[in-house]
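Below is one structure, written out as structure tokens, with a few remarks after it.
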Amino acid sequence: MPTTEETQLRLAGIPNLAVSASTPLSHYTRFGIGGPADLFAETRDEGAFMAAIAAARESSTAVMVTGGGTNLIVSDAGFRGLVVRFADDTLRADEDRVTAGAGAVLQDLVDFANHRGLKGLETLAGIPGWVGAAVYGNAGAYGHSISERVAAVRFFEGSTVRVFDHAQCEFAYRESIFKRHKDWIIFSAELRMEAGGAVELERTSADILKVRNEKFPPTMKCAGSIFKNFLWKELPPQVAGLIPANVVREGKVPAAWFLEQVGAKGMKLGGIQVADYHANLIYNAGEGTARELCAVIAELKGRVRERFGIEVEEEVQYVG
Ligand SMILES: Cc1cc2nc3c(=O)[nH]c(=O)nc-3n(C[C@H](O)[C@H](O)[C@H](O)COP(=O)(O)OP(=O)(O)OC[C@H]3O[C@@H](n4cnc5c(N)ncnc54)[C@H](O)[C@@H]3O)c2cc1C
């Protein structure tokens, strides 16, 4: 098998691909946690991206694709292989359609649409990260998800580029077909919007952003909510019966409610803390490690399992 140096040389021969070695992933995650990737590459060019994947495959190098790194827990040992980002951040509008490169910052897409009076993304204001991952995980907030607007997704399926329409993406709550095919990499998304008033859309986004920035200060090293919320109708009846009516919102039960019942708020382990005002918000208060973070997550999952007999499931994705 070729050495990392040999693979790096092959990657370095690909035009429009920036490559580095022993790259600290803590610099590419909002948690500020994670050891080095053997190799790290970034490009805005579809051809270069596909060539990089092919080169990694030829040398049996493991590949992980990331975006803005806002929903990742990278192990302290890092990643033995190639971490690659597709960074095309092009945004284009054509009447009621917006096409967004996977590397566009989601907030930039929201601002772009709002400014043009294109309605439908304004409640996603303040969700960190890039468009590709937002489609992958069907990001959403305030009762809306990006999938409501996605008309088509262009993606690299490992050998060819394909386009899926909305139905083929199989969107569900924080789910899409791309989550089940981790080697399918989103290049761009086409969104279908409605007509709206720019001033009103911008006001809605600004109001949401203000609330969100109070809950998740922009400098906080975290991944937002660690665990997925529950759909009330999918909870076992004996558990659903315990939930106070005012806790259920839009058919969902916040994971935070269960976490609060088991004493999560304010928990600490080394540099990792659970916010004292939000039981589903774990952050790195300083020099936290992935080992500590995973231990806190395991402890909370165990407590909820023991008390309620249900599994809280991570929304966050693991690397390494
Ligand atoms: C403070 C804070 C608040 C948050 N609030 C919300 C919220 O309200 N709602 C919500 O839904 N999320 C929320 N999140 C989570 C996070 O913002 C979303 O999951 C976001 O979509 C992740 O984007 P990213 O670019 O950072 O992805 P990354 O963290 O880099 O990657 C996440 C996953 O996406 C995959 N991925 C990345 N790019 C691609 C691509 N091009 N093709 C295929 N797969 C890809 C990666 O392999 C990985 O599995 C919050 C996070 C933070 C830090």
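The values are calculated or read from the model by the stated rules, or taken from the named source; none is laboratory data. Nothing here was measured: the structure is a model prediction, and the numbers come from that model. Using ideal geometry, Cβ is built from the backbone for each residue, glycine included, and neighbour counts are taken over all protein chains shown. Just the protein is used for accessible areas: all its heavy atoms, side chains included, with ligands, DNA and RNA removed. Shrake-Rupley method; radii C 1.70, N 1.55, O 1.52, S 1.80 Å.
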Checklist entry - Which whole-Hz ³J(HN,Hα) couplings does region 117-133 yield from phi under the Karplus relation 6.51 cos²θ - 1.76 cosθ + 1.60, θ = phi - 60°, glycine and proline marked x? => result x, 9, 8, x, 10, 4, 7, 8, 3, x, 6, x, x, 9, 5, x, 5
Checklist outcome for this item: 1/(1 + (r/R0)^6) with r = Cβ-Cβ of L209 and H144, R0 = 22 Å, i.e. FRET efficiency to nearest 0.05, evaluates to 0.90
Next on the checklist: Can you compute the helix-only [θ] at 222 nm over the chain? Use -39500 (n - 2.57) per DSSP H run of at least 4 residues, normalise by all residues, nearest 500 deg cm²/dmol.
Outcome noted: -8500 deg cm²/dmol
Checklist entry - Name the residues of region 133-158 whose amide N is less than 20 Å from a point 7 angstrom out from the Cα of D94 along the C-beta direction? => result 149-156
Next on the checklist: Between region 75-126 and region 260-290, what is the separation of their alpha carbon centroids in Å?
Outcome noted: 29
Next on the checklist: Using only the heavy atoms of the protein chains and a 1.4 Å probe, how would T90, T66 rank by accessible area, largest first?
Outcome noted: T90, T66
Checklist entry - Out of K233, K252, K268, any idea which swings most in a Gaussian network model of the chain, alpha carbons joined below 10 Å? => result K233
Item to check | Column: log10 I(q)/I(0), Debye, Cα scatterers of region 170-223, q = 0.19, 0.21, 0.23, 0.28 Å⁻¹ | outcome: -1.00, -0.98, -0.95, -0.98
Checklist entry - Over the heavy atoms of R116, what accessible area does a 1.4 Å probe trace out, to the nearest 10 Å²? => result 120
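Give the relative contact order (percent, whole number) for region 100-227; include only Cα pairs under 8 Å separated by 6+ residues.
Computed value for region 100-227: 31 percent relative contact order.
Please report, as a whole percent, how much of the solvent-accessible surface of the chain comes from carbon and sulfur atoms (probe radius 1.4 Å).
That share works out to 51 percent.
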Checklist entry - Taking amide hydrogens as modeled 1.01 Å from N in the peptide plane, which residues meet the under 5 Å criterion relative to G78, leaving out close sequence neighbours? => result G35
Checklist entry - Cβ under 15 Å from G241's Cβ, G241 left aside: what net charge do those residues give with Lys, Arg +1 and Asp, Glu -1? => result +1
Item to check | log10 of Debye I(q)/I(0), alpha-carbon scatterers only, for the chain at 0.11, 0.16 Å⁻¹ | outcome: -0.74, -1.41
Item to check | Estimated distance in nm for a label pair at R291 and E157, the labels positioned 7 Å out from Cα along Cα-to-Cβ | outcome: 4.4
Next on the checklist: Using only the Cα atoms of region 128-210, what are the Rg and Dmax in Å?
Outcome noted: 14.0, 44
Checklist entry - What net charge is computed for the residues neighbouring V63, neighbours being all others with C-beta under 10 Å from the C-beta of V63, Lys and Arg scored +1, Asp and Glu -1? => result +1
Checklist entry - Pairs of lysine in the chain with Cα under 15 Å and at least 8 positions apart or on different chains: total? => result 7
Checklist entry - In the chain, with Lys and Arg counted as +1 and Asp and Glu as -1 at Cβ, which of these residues, N71, I146, Q273, has the Cα nearest the positive end of the dipole, that is, farthest along it? => result Q273
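Could you do me a favour and compute the accessible area per residue for region 1-94, 1.4 Å probe, result in Å²?
Using a 1.4 Å probe on heavy atoms only, each residue of region 1-94 averages 45 Å².
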Checklist entry - Assigning unit charges at the beta carbon (Lys, Arg +1; Asp, Glu -1) and nothing else, what dipole magnitude in debye, to the nearest 20, does the chain show about its Cα centre? => result 660
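When Rg is the radius of gyration of the Cα atoms in region 45-167 and Rh is its Kirkwood radius, what does Rg/Rh come to?
Values: Rg = 15.6 Å, Rh = 15.7 Å.
Reported Rg/Rh (Cα atoms, Kirkwood Rh): 1.00.
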